[in-house]
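One structure is given here, and the rest of the page talks about it.
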Amino acid sequence: MSKVGFVGLGIMGTPMAEHLIKAGHEVYLYSIPSIPASLVQAGGKACASGKEVATNADIIITMVPDTPHVAAALFDPNGVAEGLSAGKIVVDMSSISPVETKRFVARINA
């Protein structure tokens, strides 16, 4: 199974991460303000930052409210981008600006 990271465990992210855990994936979790205890009890691995998620996972999914939140999750100190290495995949499932998404892709690829 895959090593999947999930950043953003709100109304939509929590059940998605739960399905990944139940399907047998190794799931690394990070969310503000906290990681739902039910996900850790189900076998998810709590992380202290997006960087830690990205360091451990091969596929990193972000599911946060808006464009500034995605930017913060990816590029703030200890964000996802700091834990990336060649071959990792970042999937943003947030409802954000497609123009900004293209900019984020360029920064990640750089």
Return the residue satisfying two criteria in turn: it lies in segment 53-95 and is open to solvent by less than 30 Å² (accessible area, probe 1.4 Å) and assigned to a loop (DSSP other than H, G, I, E, B), and of such residues it is farthest from Ile32 (Cα to Cα).
Ala57
Restricting attention to segment 53-73, which residues are within 17 Å of Ile11 (Cβ to Cβ) and free of Cβ contacts under 8 Å to residues at least 40 places away in the same chain?
Asp66, Val70
Taking the criterion of being surrounded by fewer than 18 Cβ atoms within 10 Å (Cβ to Cβ), touching a Ser or Thr at 6+ places or on another chain (Cβ under 7 Å) and free of Cβ contacts under 8 Å to residues at least 60 places away in the same chain, would at least one residue in segment 42-52 satisfy it?
no
I'm trying to understand the selection: among the residues of segment 10-38, which are touching a Lys or Arg at 6+ places or on another chain (Cβ under 9 Å) and among the aliphatic types (A, V, I, L, M)?
Val27, Leu29
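Conditions tested, residue by residue: (1) acidic (Asp, Glu); (2) out of contact with any helix residue (DSSP H, G or I) (no Cβ under 6 Å at 6 or more places or on another chain).
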position	(1), (2)
Lys3	no, yes
Leu29	no, no
Ile35	no, yes
Ala42	no, no
Glu52	yes, yes
Ile60	no, no
His69	no, yes
When the residues of segment 1-34 are filtered to those that are β-branched (Val, Ile, Thr) and assigned to a loop (DSSP other than H, G, I, E, B), which remaining residue is surrounded by the fewest Cβ atoms within 10 Å (Cβ to Cβ)?
Ile11
Qualifying positions in segment 35-52 - farther than 18 Å from Gly87 by Cα and either assigned to a helix (DSSP H, G or I) or among the aromatic types (Phe, Trp, Tyr) (or both)
Ala37, Ser38, Leu39, Val40, Gln41
Are any residues in segment 96-110 assigned to a helix (DSSP H, G or I) and closer than 21 Å to Val4 by Cβ, and if so, which ones?
Thr101, Phe104, Val105, Ile108, Asn109
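The values are calculated or read from the model by the stated rules, or taken from the named source; none is laboratory data. If you're wondering where the values come from, they're calculated on a predicted model, not measured in any experiment. We place every Cβ from the backbone using ideal geometry, glycine too, and count neighbours over all the protein chains shown. When the accessible area is computed, the model is the full protein with side chains, heavy atoms only, and any ligands, DNA or RNA have been set aside. Shrake-Rupley method; radii C 1.70, N 1.55, O 1.52, S 1.80 Å.
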